[in-house]
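Values in this text are rule-based calculations from the coordinates and carry no lab data. Keep in mind that this is a model prediction, so the values were computed, not measured. Quick reminder, even Gly has a Cβ in these numbers, built from the backbone with ideal geometry, and neighbours come from all protein chains shown.
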Amino acid sequence: MPKKKILVIDDEEDFVQLIKLNLEKTGDYEVMTETKGVEAVNRALEFKPDLIFLDIMMPDLDGTIVMDDIKANKELEDIPVVFLTAIATKTDQFSSKGGTIGGQQILAKPVTTKELVECIKVNVPF
Amino acid sequence: MLEKVIYWLADILLPQNVKRRLSIEALQESERKTRAIFDLTYQFIGMLTTDGILIEANRAALEFSGIKASSVLGKSFWETPWWTHSSELQKKLQEGIKKAALGEFVAFEATHHDQNQVLHYIDFSLKPVKDEAGKVIYLIPEGRDITERKKQEQDLHDAYRQLQEAQHQLIQSEKLKMLGAVTSGVAHELKNPLTIIMMGVEYLASTIPNDNKVASQTLRQIENAVGRTDKIITSMLDLARSLSLEMKGEDIVVALEEALVLLQNEIQKSQIRVIKEFNSGLPQARIDKNRMVQALLNLISNAVNAMPQGGDLTLRAYARKFSEAGADVGNRKDDIFKIGETAVVVEIEDNGTGIPEETLGKLFNPFFTTRRNAGATGLGLAIVRNIVDLHEARIEIANRKDSRGVIVTLELKIKE
């Protein structure tokens, strides 16, 4: 089975590196990381990920705008995007049906690899 | 006295026929004047013998309470209907009469019922009347209706207190807002480094050799610490955020079901039987649904935690009309529910071990918990209290009377 491709966009260099390490260690995923919001769409276009984890509070470009740009792009619009954010709390995550806010999926930081994997499995079944 | 003098003068100075006519006229005139002053004044006035027998009462006093003169004159003053509603007042009056009979001026605040049985506040006094020798011969009781003034004073006092309270709340809410802003700022900043620690630990845990027990244990300890820190941050954020709400008319049963779904795993794990007693056709509750779900989640979660070996979790929802005054129920301004108002009531009942009496009063204190070792932050019920208060709702947590366990009663406003 080919590895699933995951793009992680977050301005914290250490964080994206560790996500990459942990996800790739499972053997099921190939992970690309990006620390600049403005580069997100380009990175997605060249990598063609199966799923994108997207931070919201990024200094150069807010994650919600990145999201709009992704959804406005015909080549990227069907890729599931999950907000990975410190703005929401676990209470928000769990007290909203299926972990969504306004129809948008969220994972509240801090996350574990297990949570990331579960989230990928739900969104990218095959 | 005056009457006697007039008689005497007339007798000396006037011829017999004139004397008779004049004396009668003078007497009548004098009587009319005295009577007019006595009767037409708004004050209640009477006259007592020194041992307290009522010998005169003016019209104002009699009419005020709907009393006939014939039924009270000649009686001990304290046994008349002005006083019989309160034995305490009767005693006070008797003591006052004794003092006044010794020449003292006595005044106190009393209450009298009017003819419609409405209680009025009366500024009451007893004045001794002395003869030339200084001996007390009569007592003059006087009463002035000060109900209106009292009411104004009370209103003023109430208004002042409300103002103070509003000011206090304003300061409190400003403080809380600031605390909220600081808390969320700090909490958000802490979450990123926490995530890095968490991820780093996970990576290390998967790379160290299996036989290095100390290293794995150390990593697990770090992981637990991160988990605890995260829990505290989350609770503080929830607390900070529960400070403002968006109210709508909602079906409380939907909120209850949502909270239950979120606790499904825990409920199944502890083998708890959920009994739902939801009345149909309930009025809509005026709630911020997300926050109410959060409150219900905390409450139900407590009930579940109280029954680790399994048990019955009973959830009820019904409407209640308040028919009599009680705690927070009545027609005072601070009462949450008015008499006649309908509330949507939620009950959450477990049959766990219950709450020790000495703990009951502390349940809502922030950071108070009996499960600190199990990683509880003690903010759960503080958050619930916040949410309940902001809903102008009422919550009570008590031990069940019918069996062991706890019953939580939540009374919510309905959408008008």
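Can you give the three extents of the C-alpha atoms in the stretch A:4-119 along their principal axes, from longest to shortest, in whole Å?
Sorted from largest, the Cα extents of the stretch A:4-119 read 36, 32, 26 Å.
So, R0 is 56 Å and r is the distance between the beta-carbons of B:Leu73 and B:Lys415; what FRET efficiency does that work out to, to 0.05?
0.35
Got a sec to turn the phi values of the stretch B:73-85 into Karplus ³J(HN,Hα) couplings, 6.51 cos²θ - 1.76 cosθ + 1.60 with θ = phi - 60°, whole Hz, x for Gly and Pro?
For the stretch B:73-85, the Karplus curve yields 5, x, 9, 4, 4, 5, 9, 8, x, 5, 10, 6, 6 Hz.
If we count other beta carbons within 10 Å of each Cβ, what is the order of B:Ile414, A:Ile106, fewest first?
B:Ile414, A:Ile106
Under 15 Å from the Cβ of B:Glu202, count the other residues' Cβ atoms, weight Lys and Arg +1, Asp and Glu -1, and hand me the total.
Summing Lys/Arg as +1 and Asp/Glu as -1 gives -1.
Using a cut-off of 19 Å between alpha-carbon atoms, which aspartates and glutamates can reach B:Lys151, once sequence neighbours fewer than 8 places away in the same chain are excluded?
Straight-line reach from B:Lys151, under 19 Å: B:Glu109, B:Asp114, B:Asp123, B:Asp334.
For the residue pair B:Gln94 and B:Asp155, what label-to-label distance in nm results when each label sits 7 Å from Cα along the Cα-to-beta-carbon direction?
Output for this residue pair reads 3.9 nm.
Roughly what % antiparallel, to the nearest 5, for the DSSP beta bridges in the stretch A:4-119?
Of the beta bridges lying entirely in the stretch A:4-119, close to 10 percent run antiparallel.
Once fully extended, how much extra length lies between B:Gln162 and B:Ala215, figured as 0.36 nm per residue of separation less the alpha-carbon to alpha-carbon distance?
13.0 nm
Quick one: angle between helix B:87-101 and the longest Cα principal axis of chain B, in degrees between 0 and 90, rounded to 10, please.
40
Fewest first, what order do B:Ser235, B:Ser23 take by the number of other Cβ atoms within 10 Å?
B:Ser23, B:Ser235
Please work out the C-alpha center-to-center distance from the stretch B:51-104 to the stretch B:146-167 and express it in whole Å.
32
Over the stretch B:41-145, how many pairs of lysines fall under 17 Å by alpha carbon, counting only those 8 or more apart in sequence or from different chains?
Final tally of qualifying lysine pairs is 11.
How high is the FRET efficiency between B:Asn265 and A:Ala72 when r is their beta carbon distance and R₀ equals 30 Å, given to the nearest 0.05?
Computed FRET efficiency for B:Asn265 and A:Ala72 comes out at 0.20.
Restricting to the protein assembly as shown, compute how many DSSP beta bridges are antiparallel as a %, nearest 5.
If we restrict to bridges inside the protein assembly as shown, about 70 percent are antiparallel.
So if we plug the beta-carbon distance of B:Val254 and B:Arg332 into 1/(1 + (r/R0)^6) with R0 = 35 Å, what FRET efficiency do we get, rounded to 0.05?
Efficiency, from the Cβ-Cβ distance: 0.60.
Dipole of the protein assembly as shown, Cα-centred, from +1 at each Lys and Arg C-beta and -1 at each Asp and Glu C-beta, to the nearest 20 debye?
Charge dipole, the protein assembly as shown, about its Cα centre: 1600 debye, nearest 20.
If the convex hull of the alpha-carbon atoms of the protein assembly as shown is projected onto planes in all directions, what is the mean projected area in square nanometres?
Averaged projected area of the protein assembly as shown's Cα convex hull equals 41.7 nm².
Could you list A:Lys4, B:Lys127 so that the one with the fewest beta carbons within 10 Å of its beta carbon is first and the one with the most is last?
With the sparsest Cβ surroundings first, the list reads B:Lys127, A:Lys4.
Please build a GNM for chain B, connecting alpha carbons under 10 Å apart, and tell me which residue among B:Asp402, B:Asp350, B:Asp230 fluctuates the most.
Maximum fluctuation in the GNM of chain B, among the listed residues, is at B:Asp402.
So which of A:Lys4/A:Lys114; A:Lys36/A:Lys71; A:Lys121/B:Lys269; A:Lys4/A:Lys121; A:Lys25/A:Lys114 end up more than 21 Å apart by C-alpha?
Beyond 21 Å between Cα atoms: A:Lys121/B:Lys269.
Relative contact order for the stretch B:147-241: what percent, with Cα pairs under 8 Å and sequence separation of 6 or more?
43
Quick one: check the C-alpha center-to-center distance for the stretch A:1-24 versus the stretch B:198-217, whole angstrom.
20
Once the piece of chain linking B:Glu31 and B:Val182 is laid out straight, how much longer is it, given 0.36 nm per residue of separation minus the C-alpha distance between them?
Taking B:Glu31 through B:Val182 to full extension adds about 46.1 nm, to one decimal.
Straight-line reach only, C-alpha to C-alpha below 25 angstrom: list the lysines that B:Lys289 could link to, leaving out same-chain residues fewer than 8 apart.
Candidates past the 8-residue exclusion: A:Lys90, A:Lys97, A:Lys109, B:Lys177, B:Lys231, B:Lys248, B:Lys276, B:Lys321, B:Lys338, B:Lys413, B:Lys415.
Which of B:Ala100, B:Ala306, B:Ala36 moves most in a GNM of chain B, Cα contacts under 10 Å?
B:Ala36
Show me the ranking of peptides B:392-399, B:358-365 by mean Cβ neighbours inside 10 Å, starting with the highest.
Ranked from most to least packed, the peptides come out as B:392-399, B:358-365.
Full extension from B:Leu204 to B:Thr84: what is 0.36 nm times the residue separation minus their Cα-Cα distance, to one decimal in nm?
34.5 nm
Let's test this: bin the Cα-Cα distances of the stretch B:10-111 at 10 Å from zero up to the farthest pair and state each bin's percent.
Pairs per bin, as whole percents: 14, 34, 26, 15, 9, 2.
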